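A.B. asks: This structure is in structure tokens; I'll ask about it shortly.
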Amino acid sequence: MDWNFICKIIRNIDKQSEIAYQRGIKEMILEVGLGWNSEQITEQLSLQLGSTERLVPDILVQKDERNSFIIEVKKPGHKKTNGDIEQLLSYMKQMEIPVGIYWGDEVEVYWKTIGDGSAPILLLNLNFNVLCEDGHSFVSLFSEVNYSLDAMRAFKEECETKKKFDSEVNNLLEEVTATEFNETVKGLISNYFLDRGIDEDVVKTVMSKVQLCISDKRGEEDTDRAILRHGIPMEFSYQSRSRRSVGARPFAYNLMRKIIEKNRNLSFGDLYALFKKRNYVEEVATIDEKRMGRWFLLPDEIITLSDGTKVAISNQWGFNNNSKPKMDLLRSIAEKFDIDATLPD
């Protein structure tokens with residue numbers, strides 16, 4: 001079982017009603033999904049709370065005859081509210097279950113230490129994208145064979161440690177990249193040259209002509225890693241910082257995106273019928289690791305259709321030779337929708 005398979009299952013679940021979606025999620029959790037069995041899963045369990053109130057969690061999962069975790073389900077398209085999360089956390093508190101999952105357009109996993117009054121902790125926030133970095137963690141934690149409160153507690157502690165480390169990194173980075181820190185660095189540089197015996201007036205004159213700029217380059221590094229991870233050549237990436245003129249790949253990507261944006265009601269089936277072949281556009285959930293290098297798969301490059309389907313556009317394009325017929329068809333379709341498809345210089 002992997003996150004890619006879960007994304008594919010979720011994609012095909014009936015989303016017309018909340019109950020149908022809930023049942024689909026239950027089936028996914030079962031042997032075809034995470035390996036639990038039907039006796040371990042209860043839907044819409046009604047529990048009396050006091051004399052007038054009742055608790056009705058959407059899905060309750062048990063292991064070794066103990067409550068393991070709760071799932072609160074909202075069908076895709078539902079606008080998540082604070083009340084939705086508060087309801088889930090209330091179930092967790094009242095039933096003394098530390099782990100709860102909000103399952104809607106995305107998946108959120110919460111931990112609530114019972115009895116100590118501490119605030120709940122968001123452990124995972126996932127979208128149904130095969131590139132979701134925490135997808136593997138979700139599968140590992142919630143597979144029946146692996147699941148335990150000890151494992152969840154250990155993961156919670158890892159998250160807290162990482163959060164603390166990231167906070168310290170961000171705080172120090174803010175200090176280092178602050179404008180006033182540049183003067184501190186210039187002072188250190190000046191002292192370095194003075195210690196070498198260079199005339200003070202020379203050092204002062206040189207430093208007056210120097211401008212330092214310490215900047216945060218994490219955004220650039222993240223983009224570069226994503227491009228390399230998916231095998232997308234840097235100079236052709238839609239988000240590339242290359243100074244080259246527009247090549248075939250970004251040109252084709254922009255045409256495809258304009259076609260989709262101008263026809264928001266197109267389903268994936270409609271797109272398939274439009275181009276006749278799937279080497280133009282593909283459902284993200286069906287792209288395996290071996291083929292990732294053939295598609296634009298950075299987060300800002302993936303396109304969500306009106307029915308919620310996430311699609312990726314091919315990065316296999318050219319202006320000449322065997323690629324010309326494919327490009328010509330794309331340009332002709334774009335022109336039918338009054339989109340400028342003039343070839344770049």
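The values are calculated or read from the model by the stated rules, or taken from the named source; none is laboratory data. Since we're looking at a predicted model, the values are computed, not measured. Glycine also receives a Cβ, built like all others from the backbone with ideal geometry; neighbour counts cover every protein chain displayed. The area values use the complete protein model at the heavy-atom level, side chains included, leaving out ligands, DNA and RNA. Shrake-Rupley method; radii C 1.70, N 1.55, O 1.52, S 1.80 Å.
A.B. asks: Please sort by residue number the trypsin sites (Lys or Arg not before Pro) in the stretch 251-345 whose DSSP state is loop and whose Cβ has at most 15 other Cβ atoms within 10 Å.
C.D. replies: Listed in order of number, the matching sites are ARG264, LYS276, LYS277, ARG278.
A.B. asks: OK, next. Test of understanding: in a Gaussian network model of the chain with alpha carbons linked when under 10 Å, which of LYS74, LYS324, LYS63 would top the mean-square fluctuation ranking?
C.D. replies: Maximum fluctuation in the GNM of the chain, among the listed residues, is at LYS324.
A.B. asks: Right, something else. Quick one: plug the Kirkwood hydrodynamic radius of the chain (C-alpha pairs) into Stokes-Einstein at 4 °C, 1.567 mPa s, and report D in µm²/s. Walk me through the numbers on the way to the answer.
C.D. replies: Numbers: Rh = 24.3 Å.
D, rounded to a whole number, is 53 µm²/s.
A.B. asks: Then there's this: How large a share of the accessible area of the chain, in percent, is made up of carbon and sulfur atoms when the probe is 1.4 Å and the other protein chains stay in place?
C.D. replies: 48
A.B. asks: Moving on. Defining a contact as two alpha carbons under 8 Å apart and six or more residues distant in sequence, what relative contact order in percent does the stretch 8-122 show?
C.D. replies: RCO, the stretch 8-122: 17 percent.
A.B. asks: Using helices alone, what [θ] at 222 nm do you get for the chain, with -39,500 (n - 2.57) per DSSP H run of 4 or more residues, divided over all residues and rounded to the nearest 500?
C.D. replies: It lands at -13500 deg cm²/dmol.
A.B. asks: For the stretch 321-343 and the stretch 99-171, what is the centre-to-centre distance using only Cα atoms, to the nearest Å?
C.D. replies: 46
A.B. asks: Sticking with this structure for a sec: Which FRET efficiency, nearest 0.05, do LYS163 and GLN16 yield, Cβ-Cβ r, R0 51 Å?
C.D. replies: 0.85
A.B. asks: Considering only protein heavy atoms, what is the solvent-accessible area of SER148 at a probe of 1.4 Å, reported in Å² to the nearest 10?
C.D. replies: Roughly 40 Å² of SER148 is accessible to a 1.4 Å probe.
A.B. asks: Ok, one more. Roughly what % antiparallel, to the nearest 5, for the DSSP beta bridges in the chain?
C.D. replies: Within the chain, antiparallel bridges account for around 90 percent of the total.
A.B. asks: Comparing GLN44, GLN62, GLN316, which has the greatest mean-square fluctuation in the GNM of the chain with Cα pairs linked when under 10 Å apart?
C.D. replies: Taking springs between Cα atoms under 10 Å, the residue moving most is GLN44.
A.B. asks: Please name which of ASN265, LEU172, ILE101 has its Cα lying farthest along the dipole of the chain towards the positive end, using unit charges on Cβ (Lys, Arg +1; Asp, Glu -1) and the Cα centre as origin.
C.D. replies: ASN265
A.B. asks: Hey, in the GNM for the chain with a 10 angstrom Cα cutoff, which one of THR179, THR161, THR309 fluctuates hardest?
C.D. replies: THR179
A.B. asks: Ordering VAL109, VAL210 by accessible area with a probe of 1.4 Å, largest first, what comes out?
C.D. replies: In descending accessible area the options line up as VAL210, VAL109.
A.B. asks: I'd like to know which of PRO344, SER314, ILE10 lies farthest towards the positive end of the charge dipole of the chain, counting +1 on Cβ of Lys and Arg and -1 on Cβ of Asp and Glu.
C.D. replies: PRO344
A.B. asks: Pull up all non-local amide H partners of TYR147: gap of 5 or more, or a different chain, and H-to-H distance under 5 Å with H placed in the peptide plane.
C.D. replies: none
A.B. asks: Enumerate by residue number the GluC sites (Glu not before Pro) in the stretch 108-204 meeting two conditions: DSSP loop (anything except H, G, I, E, B), and at most 13 other Cβ atoms within 10 Å of the site's Cβ. Mind showing how you got there, number by number?
C.D. replies: Details: sites: GLU108, GLU133, GLU144, GLU157, GLU158, GLU160, GLU168, GLU174, GLU175, GLU180, GLU183, GLU200; in loops: GLU133, GLU144.
Those satisfying the criteria are GLU133.
A.B. asks: Per-residue HN-Hα couplings for the stretch 336-343, Karplus 6.51 cos²θ - 1.76 cosθ + 1.60 at θ = phi - 60°, whole Hz, x for Gly and Pro?
C.D. replies: Calculated HN-Hα couplings, in order: 5, 9, 6, 9, 5, 10, 4, 5 Hz.
A.B. asks: How much of ASP105 can a 1.4 Å solvent probe reach, expressed as accessible area in Å² and rounded to 10?
C.D. replies: 90
A.B. asks: Compute the accessible area per residue over the chain, keeping the other protein chains in place, probe 1.4 Å, unit Å².
C.D. replies: Accessible area per residue, the chain: 58 Å².
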